[in-house]
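The values are calculated or read from the model by the stated rules, or taken from the named source; none is laboratory data. Worth saying up front: this structure is predicted, and the values here are computed from it rather than measured. Methodologically, a virtual Cβ is constructed for each residue, glycine included, from the backbone with ideal geometry; neighbour enumeration extends over all protein chains shown.
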Amino acid sequence: MTMRRIGSLKSVADFRAYVRQLGLQLPMDDRPLSASEGSPLATPYRIGSVSVGNRWAIHPMEGWDGLKDGRPGPHTIRRWQNFGASGCKLIWGGEAFAVRHDGRANPNQLCFHPNNLPAMTALLETLVSAHTQRFGPQASSDLVVGLQLTHSGRFSRPNRQDRAEPRIVYHHPVLDRRLGIDPTDNSLILTDDEIAQLVESYLESARLARDAGFHFVDIKHCHGYLGHEFLSAYSRPGRYGGCLENRTRFLREICQAVRAECPELMIGIRLSLFDMPAFHARDERGGEGVADAYPPGDYPAFGCQRDEPLQLDLDEPIALLKYLRNTLNIELFNLTAGSPYYNPHIQRPAFFPPTDGYGPPEDPLIGCVRQFQAVQRVKRELPDLPVVGTAYSYLQDFLPHVTQALVREGAVDFIGLGRMALSYWDLAADVMQGNSISNKRVCRTFSDCTSAPRNGLVSGCFPLDPYYKQSPDREQLQQAKRRLRHNQDD
């Protein structure tokens with residue numbers, strides 16, 4: 001069956017028919033309701049002592065546009081202003097914030113430094129001010145904002161965009177080869193003592209977040225970064241590898257340290273609920289993705305069948321979520337999947353791949369529904385778990401119709417927006433106010449927001465946001481894409 005672009009479907013009936021053609025089950029309403037009409041997306045949600053004003057959330061994103069010293073730059077500040085004006089009441093980090101310099105994914109990622117507290121305080125105030133300016137002086141009373149804390153692990157590039165400086169938890173039989181890591185170089189593996197020091201770095205960054213005025217911190221465990229890698233460290237000996245208790249020890253130690261020293265902060269976890277093997281383009285002309293060759297037997301990935309890693313196995317992820325909620329009293333969860341580096345069609349389904357990617361090996365709607373159904377299973381087993389879901393941007397014009405139905409049915413609690421918030425940051429406000437959707441601002445998953453940083457440029461929506469359309473970086477990005485097409489045609 002030929003894949004159809006979502007933008008070619010002109011009505012909800014067309015979309016329903018296409019979903020049926022794909023053999024998928026996806027609830028959707030005939031039209032989105034406004035807040036005054038009782039939209040499920042406008043319902044407040046109580047988390048601990050705070051109330052979140054609606055069911056819209058902004059995912060954390062890296063703009064590759066901070067300053068060398070880890071402070072936010074002008075592009076970062078503008079993006080956070082847009083997030084504040086978005087109408088979303090849960091801002092999940094706004095940005096991935098490296099807890100120390102060697103954990104930066106790029107030299108312009110926001111990063112901890114003791115001198116950066118004033119800048120981060122001002123950045124948060126910028127977001128809150130934009131929210132109150134658009135929605136009124138009392139609007140911030142149910143606005144909840146967190147900061148995502150991370151270390152990029154094997155994807156660290158702290159000093160130069162063209163030089164990887166990986167730190168790893170264990171040697172991976174596929175990712176080592178893919179990233180050019182010498183499988184005999186054990187100096188890249190963090191020792192137990194270094195891990196203890198890293199826990200202190202997370203705590204130090206949590207203190208900064210508390211002092212800056214954030215409501216919560218997210219201990220990032222997704223997308224192939226360091227925290228996520230601990231969860232698949234089956235072969236690592238000692239305290240941090242092997243059994244599930246050991247593989248989750250790093251996460252538990254950070255949560256316990258933050259809870260003990262910063263009790264004012266809530267804690268969130270953004271978790272890749274499942275993973276799959278790495279993928280690559282079938283041929284040099286950028287064909288559809290196929291899985292990298294992997295050794296038979298016990299493939300090291302979290303949330304999939306280790307003897308058949310293209311199939312999900314959510315038993316361990318659900319066991320972890322139960323422990324985090326019931327024993328550590330973690331307040332918030334944001335569930336995603338895979339990694340943007342090695343299997344982006346699993347993580348962020350798109351019709352158009354980034355320049356370093358591959359064509360979709362399946363209709364992207366299948367990838368969306370895979371994530372929706374995984375989250376729905378979590379909600380069945382843990383109905384009181386406050387969950388932000390992911391992979392909604394690909395729904396495009398029909399995002400409000402589907403997400404309204406998902407929230408009403410209890411399949412998820414919050415609708416997280418990532419790429420969509422770069423092109424159409426105030427989609428939530430338009431839906432809640434009963435305004436017509438601005439079709440020319442809807443993210444069409446062109447993937448330029450990923451292709452730009454892959455080519456050493458800042459991230460942004462170059463096709464649809466006038467701010468980036470007029471940027472000199474746009475022409476550089478177009479040149480990089482033309483070079484890629486030329487090479488594929490040769």
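For this structure, a couple of remarks:
- Residue in the range 307-316 that is surrounded by fewer than 14 Cβ atoms within 10 Å (Cβ to Cβ), within 30 Å of PHE351 (Cα to Cα) and polar (S, T, N, Q) present: yes
- Members of the range 461-480 that are touching a residue at least 24 places away in the same chain (Cβ under 8 Å), in a helix (DSSP H, G or I) and either of a type in the set (Asp, Glu) or under 11 Å from CYS449 (Cα atoms) (or both): LEU477
Here's the yes/no breakdown for (1) over 26 Å from the mean Cα position of the chain (by Cα); (2) within 18 Å of TYR225 (Cβ to Cβ); (3) at pLDDT 95 or above:
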position	(1), (2), (3)
ILE168	no, yes, yes
ARG177	no, no, yes
ILE181	no, yes, yes
ASP185	yes, no, yes
ILE189	no, yes, yes
ASP192	yes, no, yes
VAL199	no, yes, yes
ALA206	no, yes, yes
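- Qualifying position, being over 18 Å from the mean Cα position of the chain (by Cα), within 16 Å of ASP426 (Cβ to Cβ) and not charged (D, E, K, R), among GLN133, GLN161: GLN133
- Any strands (runs of 3 or more DSSP E) falling wholly within the range 32-72 and containing at least 3 residues that are in contact (Cβ under 8 Å) with a residue 24 or more places away in the chain and surrounded by 23 or more Cβ atoms within 10 Å (Cβ to Cβ): 56-58
- Every pair of residues 6+ apart whose Cβ atoms lie under 7 Å, when the first sits in the range 2-23 and is closer than 15 Å to HIS401 by Cβ and of a type in the set (Val, Ile, Thr) while the second is outside any helix (DSSP H, G or I) and modelled with pLDDT of 95 or more: VAL12/MET28; VAL12/ASP30; VAL19/LEU26
- The residue pairs whose first member lies in the range 275-304 and is closer than 20 Å to GLY367 by Cβ, whose second member is surrounded by fewer than 16 Cβ atoms within 10 Å (Cβ to Cβ) and small (Gly, Ala, Ser), and whose beta carbons are closer than 8 Å, counting only pairs six or more residues apart or on different chains, are MET276/ALA291; PRO277/ALA291; ALA278/ALA291; PHE279/ALA291; ALA281/GLY287.
- Single condition VAL290 does not satisfy, out of (1) touching a His at 6+ places or on another chain (Cβ under 9 Å); (2) in a helix (DSSP H, G or I); (3) of a type in the set (Val, Ile, Thr): (2)
- In the range 157-168, the residues that are farther than 20 Å from LEU203 by Cα and assigned to a loop (DSSP other than H, G, I, E, B): ARG157, PRO158, ASN159, GLN161, ASP162, ALA164, GLU165, PRO166
- Test: residue in the range 52-63 that is more than 20 Å from SER152 (Cβ to Cβ), in contact with a Pro (Cβ under 9 Å, 6 or more places away or on another chain) and at pLDDT below 95: no
Listed here are the residues, each with its yes/no results for (1) closer than 26 Å to LEU265 by Cβ; (2) assigned to a helix (DSSP H, G or I).
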| site | (1), (2) |
| --- | --- |
| GLN109 | yes, no |
| LEU117 | yes, yes |
| GLU125 | yes, yes |
| THR132 | yes, yes |
| LEU149 | yes, no |
| HIS172 | no, no |
| ILE181 | no, no |
| LEU198 | yes, yes |
| GLU204 | yes, yes |
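- Being more than 24 Å from the chain's Cα centre (by Cα), modelled with pLDDT under 95 and surrounded by fewer than 16 Cβ atoms within 10 Å (Cβ to Cβ) is a description that does not apply to SER11.
- Qualifying positions in the range 128-174 - of a type in the set (A, V, I, L, M), under 19 Å from ILE91 (Cβ atoms) and touching a Lys or Arg at 6+ places or on another chain (Cβ under 8 Å): LEU143, VAL144, LEU149
- Those residues of the range 350-368 which are touching a Leu at 6+ places or on another chain (Cβ under 8 Å), farther than 21 Å from ALA428 by Cα and modelled with pLDDT of 95 or more, in sequence order: ASP363, LEU365, ILE366
- Sole exception among (1) more than 30 Å from GLY84 (Cβ to Cβ); (2) buried (at least 16 other Cβ atoms within 10 Å of the Cβ) for SER152, by number: (1)
- Top-ranked residue in the range 166-193 [being surrounded by fewer than 19 Cβ atoms within 10 Å (Cβ to Cβ) and hydrophobic (A, V, I, L, M, F, W, C); ranked as farthest from ARG236 (Cα to Cα)]: LEU179
- If you filter the range 221-277 down to residues that are under 23 Å from the mean Cα position of the chain (by Cα), hydroxyl-bearing (Ser, Thr, Tyr) and in a loop (DSSP other than H, G, I, E, B), you find that the one that is surrounded by the fewest Cβ atoms within 10 Å (Cβ to Cβ) is THR248.
- Looking only at the range 108-122, and only at residues there that are of a type in the set (A, V, I, L, M, F, W, C) and surrounded by fewer than 22 Cβ atoms within 10 Å (Cβ to Cβ), the one that is nearest to LEU203 (Cα to Cα): LEU117
- When restricted to residues that are of a type in the set (A, V, I, L, M, F, W, C), over 17 Å from ASP397 (Cα atoms) and not in a helix (DSSP H, G or I), the range 440-460 contains 2.
- When each of ARG163, ARG100, ARG157 is tested for being surrounded by fewer than 23 Cβ atoms within 10 Å (Cβ to Cβ), over 30 Å from ASN246 (Cβ atoms) and charged (D, E, K, R), the lone residue that passes is ARG163.
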